[in-house]
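Have a look at the structure below before the remarks.
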Amino acid sequence: MRTKLGMLIASVSLLVSAAPAWAHHAFAAEFDSTKPIKLKGVVTKMEWINPHAWIHLDVKNEDGTVTNWMVEGGSPNTLLRNGFTKLSLPVGTEIVVDGYRAKDESNKANGRDITFPDGRKLFVGSAGQGAGAPESKPDK
Amino acid sequence: MLHALALAACVAMAVSAQKLPPTAGGQPDLQGIWSNATITPLERPADLAGKPTFTAEEAAAYEKQVAERSNVDHRSGNAETDVATAYNQFWYDRGTKAVETRRTSLIVDPPDGHIPAFTPEAQKRVQERRAWMEAHATDGPDGRTLGERCILWATAGPPMLPGPYNNNFQILQTRDQVVILNEMIHAARIIPLDGSPHVASNIRLWMGDSRGHWDGKTLVVDTTNFSDQYSFRGSDRNLHLTERFIRTSPDTLLYEFTVDDPTAFTKPWTAQIAVTRTKGPIFEYACHEGNYAMTDILAGARAAEKQAGK
Amino acid sequence: MLAPANAQNQAFKPPRTADGKPNLNGIWQAMNTANWDIQGHAAQAGQVVSLGATGAEPPGIGIVEGGEIPYLPAAAQKKKENYANRLKLDPEVKCYLPGVPRATYMPYPFQIVQSGKFILISYEYDGAVRTIYMDNPGPAPVDSWMGWSAGHWEGDTLVVDVTGLNDQTWFDRAGDFHSDALHVVERYTLAAPNVLNYEATIEDPQVFSKPWKISMPLYKHLEKNAQLLEFKCVEFVEELIYGHLRKQPSK
Amino acid sequence: MRLRALAALGAFLAPVWLLGQQSLPVTAKAAASTATAKNWTPPRTADGQPDLEGVWTNSTLTPLERPAELAGKEFLTAQEAADYVKRLLQQVSSDRRDGGPQVDVGRSYNEFWRDRGNDLVADRRTSLISDPPDGRVPPLTPEAQKRVEATRAYMRDHATDGPEGRTFAERCIAWGTAGPPMLPGPYNNDVQILQSSDHVVILNEMIHDARVIPLDGRPHVGPEIREWMGDSRAHWEGSTLVVDTTNFSSEYSFRGSDANLHLTERFTRVSPDVIQYEFTVYDPTAFTKPWTARVPLNKTADRVYEYACHEGNYALTDILAGARAAEKRK
C-alpha cells in the first residue's frame, strides 16, 4: 500500500495528464486517500488565506469532548470575485465536511465536499462555468 | 557655574586672545589640534591638602619629582612591578608641565580639589560594581574595563581628561556644528549648534548626546542621554555634563567641565584644564582591531585554570 | 520633523504627469532605521551571535511623532513580549509580506507606478505589491497582508486610505504590532524634485488609546538605470520553517 | 548545488494541469472583436501610448498543446467545439466523485473554487501553440532531455524528503502559469496592466508577481544577475507592446527551458475587450526550435486580489509532516 501511495504521489506531481484537478499543491501528498473522513461541526474560524482557505470547526466526539479540525479549501480569491466576503461564513455556522484526513494524522482534512446539515452544498458549481454565488451561500 | 577664582584666571587669559581672528562664519575660532597633556592630577594629592596653588619654585620642584616618579625606564622594582611597567618611557606622552595656573588639582570646585562624596546609592553601586569586576576579572570580556574592551576610553570622555599618551584632540567648526575628534579611541563628537533638542530619553549612548551653543566667546556643550553602562568617576545615567571651551591665546584653550549628577554625587563639581596647541596630525587609533591583549588575558586565565585543575 | 520640507513645499512646484497630477513615479526608499524600531532607539547587539556587527541593530531617532506610541495597557505588555521574542515572532524573519506602513521603510527600495487609473506600488522586499484604487473600491472583501488601498488627491497630496489589513504584520522588528482593526491613512507629498514626504496616521482602537502619526522623507533613487531586482525570500527561509521536517539521512 | 539544479526542474513540472485544460476564452464577444480588429483604433493613454490598462483574464479551456486525439486538426468547427467543451468540462470537473479514493483526493475540493473558463479560444484553434503548426512544444535537445529526466527522477525519489522535492509552486517560489510567459491555470487567471510614461507593470494575481518593466530603452542587467521572473525590457512596435525577457535564474525552467531562455511577449489590443497576447520561446540549448503561443486576454471588471502564497502555506508543512509520520509508523 505504501508503495502504491508513493507511486500515486509521483504520478500526481509528475504525470502531466493524470491530474485533472491539480491545485497549488498535490493534495494527494498532503491527505491520505485511505482515510476518508466525515466531520460535522460548527465553524470557529474561517481563514481567508492563500494559497488555500482553511475552515476551522469544532467537532463533538462520541465521548462528548470537542476537537478543533482544520479543513482545506481552494484559493479564496475566486470566491471573492463571486461576492464572498469575510462575513460569508460566520462563526457558529454548522457544516458537514466530507474529505480525507492529513497524512500526519493531525486534525486536518481537505474539504472535498462541504455541505450544510440539510444537504445544500456550500461551495457549489463552478465560477468558471458561470455558476456565480451558490444559492446556499450564507448571508453576507 | 565657574568657580570665581577660575573665572578670573580665565578672563585674564582670554583678554590676550581678544585679537584672534574669528572663523569665516564669524565664530570664535577654536579650530586646530590640541593637547591636554599635563602632570597636574584631577584631584589634589593628600600631601598638598589646603594648598590650592604652587609658587613658581614649588611647581618646578613638583614637575621634577613627578618626572622621576613616573619614569618607567628604571628596573628597580620586583618582577611584578616590572611587568606592570609595561614598556619604556619613550611610549608615553604625559606632559611634563603642571597646568599654567599652577593649581594643585584640575578640580577647581569644590575648593578642596576633590570629587564630592557619592550619594549612598552611588556608593553602594560603585562598590558592588568594583566587587563584581574583581570577582569576574577574567571570566569573560565583560569583566575587563571598557578601555580594555575598546568600547570607550576613560579620558576621551566626555569629559576629556589627560591620560598617559595620545592626549590629542582636534576641533573643527562649521556654522551649524562643531566636531571634537579625540585621538582616543577615534571618537568624534559631531555637535549640533542649531538649538535642536536632545534625542528621546530612551536613546542612551556611550558618549551621550551633545548639543552646543555659543555663550559670548565660549563654546558651551551640553551632554545628556549617557548609557546605563557608562560611569564617569561613579556617575550614572542621570549624568548631565556641561563643557566650556574658550580660546585664551593663539596657542591655548581653557577647557572646563562641570559634572552634575544628583543621584550619584552629593553636589556638582568642576574641573579646568589648560589645553595647548600641538602639532598634528591625529593618527588613527583603531583599538579593537588589534586588541590581541583581550584574547591573551582570557586565554591566559583559561590556561591557568587548566593547570590548576591538573 | 517635516516642517521645513512642508514649508519648502509651498514654493516647490511638483512635476506633473500627462493628466496633470503630481508625478510620483520613481524608485523611492526611506533612509532611516525605522524597520528596526519605529521609536527612537540606540544601537544594540544583534540576536544572532555569529552575525557579529553585521547583525547588530543600528540606532535611529525614530519616526513616531511625539516619540511615544499610545499603547493600551494590555497592548503595551504584548509589545514587550513581542520584543523579547522578536527573533521568533517577527514576520519579516519568515519572509512574510510586510503590511502597511512597514513596507514603506524597510531597507529595500520600492517603485511607484502612476497611471491615470491606478497607482501601483511594487516593493522589492518579497515582491510585495499594492494597487491603490482611485475609483473607490468599497470595503475590503477580506483581510490581507498588504491591505486594501483607496486613493484620492487632496491638492497635490496623494491620500491613501488603507483598511482590510490582517493582524499578522508588525510595524518593525521591535514587536510593535496592531490588530485587524488597523486603519492607516497615508499621505504622499512631493517636497522637492527627489524628496517625497510620507506621513501615516495609525488608528486601531483595540491596541492604541488614540490615533498617532509617523512621518519621514523618502528619497528617490537617481542611479543610472535604477531598477528593482527580485528579493524572493521564501527560498531563503525554507530551512528555518521546514528544516525540522526534513528526512533524516540516517533513517 | 546539484540538488538545486535538479530542483529547478520543478518549475517545469509545476504546471501539471496545463495539458488537460486550458485555453483562451472564446466568447462570442471575443470572436467579434477579432473581426473588428482591422478597422478598430486602440485608445491612447494620456501619455499617448496605446492603452492596455485594466484587469484581464486568460482563462480558457484550450490546451497549450494540441491533444493527440486532435492531431492534424488545427481548428474545430463550431459544433465540434461545443462537443469538445462539454466533454472537457465533464472530464476536468472536480465535483465528480467517481474514480476511486486516490483520484478523489487528488481532485482536492469543489469546482466552485476554480475559474478555468468555459470555452475555447475564439478562433477555435485546438492549441494555444500556433507555431510549430503541429501545436506541440518542439522536442527538447538531447542535453535538455537529459536534464529534465534527471530532475524528474530527483523529484520522484525525493518527493517528500524536504522542500526541494516539491515544485516551486508548492514552495510558493514561482507559479507555473504566472510566468513569464503567462498561461491560463485553473484559477486566479487575472492580470492587471498599468502604464506610466516610462514603465509598464504586469501584475499577475498568482503569486502576487508584478513585473515593473522599463520602456526607456535601457539594456538588460548584467549576466551575473539571474532572476526567477527574468529581467524584462519593453518597447512599442506600432500599437504592439513588445517585452523582451532574459536573465532567467538557472533554477527556473519553463517547460524544459534553461538559463538561456530568451522570451519575447507581444501585447496588442485588438478590440475594447481583448488583448492578443503572443509569446515566443527562444532557447537553443533547450528546444530544437523556437515556438510561439497565442493567448487572448479578455477584459474583466474583476479586481486582482492578494495571493499571499507562502504566508498561509500550511500544506507544505503537512506534506513533509505526513511523510515523517509515515516513516515513524514504519
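C:Val184: farther than 18 Å from C:Glu65 by Cα, of a type in the set (Val, Ile, Thr) and at pLDDT 95 or above, yes or no?
No; evaluated as a whole, the condition is false for this residue.
Please give the number of the condition B:Phe283 fails out of (1) modelled with pLDDT under 95; (2) among the hydrophobic types (A, V, I, L, M, F, W, C); (3) surrounded by 12 or more Cβ atoms within 10 Å (Cβ to Cβ); (4) over 27 Å from B:Pro110 (Cβ atoms).
Here B:Phe283 meets the rest and fails (3).
Assuming B:Ala286 fulfils every condition listed in (1) hydrophobic (A, V, I, L, M, F, W, C); (2) within 27 Å of B:His114 (Cβ to Cβ); (3) part of a loop (DSSP other than H, G, I, E, B) apart from one, which condition is it?
(2)
May I ask you to verify whether B:Glu121 is open to solvent by 70 Å² or more (accessible area, probe 1.4 Å), in contact with a Ser or Thr (Cβ under 9 Å, 6 or more places away or on another chain) and assigned to a loop (DSSP other than H, G, I, E, B)?
no
Looking only at region C:209-251, which residues are in contact with a Pro (Cβ under 8 Å, 6 or more places away or on another chain), open to solvent by less than 10 Å² (accessible area, probe 1.4 Å) and closer than 30 Å to C:Ala76 by Cα?
C:Ile214
Is region B:184-205 home to any residue that is in contact (Cβ under 8 Å) with a residue 24 or more places away in the chain, surrounded by 17 or more Cβ atoms within 10 Å (Cβ to Cβ), in contact with a Lys or Arg (Cβ under 7 Å, 6 or more places away or on another chain) and in a loop (DSSP other than H, G, I, E, B)?
Yes: one or more hits.
Under 23 Å from A:Ile37 (Cα atoms), facing another protein chain (nearest Cβ under 8 Å), open to solvent by 70 Å² or more (accessible area, probe 1.4 Å) and not small (Gly, Ala, Ser): does that describe D:Arg107?
Criteria not met by D:Arg107.
Working only within region B:147-168, note down all residues that are out of contact with any Phe, Trp or Tyr (no Cβ under 9 Å at 6 or more places or on another chain) and over 12 Å from B:Asn182 (Cα atoms).
B:Glu148, B:Arg149, B:Cys150
Do we find a residue being open to solvent by less than 60 Å² (accessible area, probe 1.4 Å), hydrophobic (A, V, I, L, M, F, W, C) and in contact with a helix residue (DSSP H, G or I) (Cβ under 9 Å, 6 or more places away or on another chain) anywhere in region C:141-155?
Step one: list which residues in region C:141-155 are open to solvent by less than 60 Å² (accessible area, probe 1.4 Å), which gives C:141-151, C:153.
This time we only want the ones that are hydrophobic (A, V, I, L, M, F, W, C), so: C:142, C:145-146, C:148, C:150, C:153.
Those still in the list that are in contact with a helix residue (DSSP H, G or I) (Cβ under 9 Å, 6 or more places away or on another chain) too: C:142, C:146.
Within region C:141-155, one or more residues are open to solvent by less than 60 Å² (accessible area, probe 1.4 Å), hydrophobic (A, V, I, L, M, F, W, C) and in contact with a helix residue (DSSP H, G or I) (Cβ under 9 Å, 6 or more places away or on another chain).
Among the listed residues B:Pro52, B:Pro41, identify the single one that is open to solvent by less than 70 Å² (accessible area, probe 1.4 Å) and touching a Pro at 6+ places or on another chain (Cβ under 9 Å).
On the way: B:Pro41 fails: touching a Pro at 6+ places or on another chain (Cβ under 9 Å).
None of the others qualify; the one that does is B:Pro52.
When you scan region C:171-178, do you find a residue that is over 15 Å from the mean Cα position of the chain (by Cα) and open to solvent by less than 50 Å² (accessible area, probe 1.4 Å), even just one?
no
In region A:76-102, what count of residues is obtained for those that are more than 23 Å from D:Tyr305 (Cβ to Cβ), open to solvent by 20 Å² or more (accessible area, probe 1.4 Å) and either modelled with pLDDT under 90 or within 13 Å of chain D (Cβ to nearest Cβ) (or both)?
Final tally of qualifying residues: 2.
Need pairs with beta-carbon distance below 6 Å; first residue under 30 Å from D:Ala308 (Cα atoms) and within 14 Å of chain C (Cβ to nearest Cβ) and within region D:142-169, second surrounded by fewer than 22 Cβ atoms within 10 Å (Cβ to Cβ) and basic (Lys, Arg); sequence gap 6+ or separate chains.
That search, which allows pairs on different chains as well, returns D:Asp161/C:Lys247; D:Gly162/C:Arg246.
Taking region C:219-251 as the region of interest, how many residues are facing chain D (nearest Cβ under 10 Å) and over 26 Å from C:Leu87 (Cβ atoms)?
Of the residues in that region, 9 qualify.
Return the pairs, sorted by first residue and then second, in which the second residue is open to solvent by less than 60 Å² (accessible area, probe 1.4 Å), the first residue lies in region B:46-60 and is of a type in the set (D, E, K, R), the beta carbons are less than 6 Å apart, and the residues are 6+ apart or on different chains.
Short answer, once both residue conditions are applied: B:Lys51/B:Thr104.
Considering region D:55-100 alone, what residues qualify as being within 10 Å of chain A (Cβ to nearest Cβ) and acidic (Asp, Glu)?
D:Glu65, D:Asp95
The values are calculated or read from the model by the stated rules, or taken from the named source; none is laboratory data. From a predicted model like this one, the values you see are computed outputs, not experimental measurements. Glycine gets a Cβ as well: all are built from the backbone with ideal geometry, and neighbour counts include every protein chain shown. These accessible areas exclude ligands, DNA and RNA; they are computed on the full protein's heavy atoms, side chains included. Shrake-Rupley method; radii C 1.70, N 1.55, O 1.52, S 1.80 Å.
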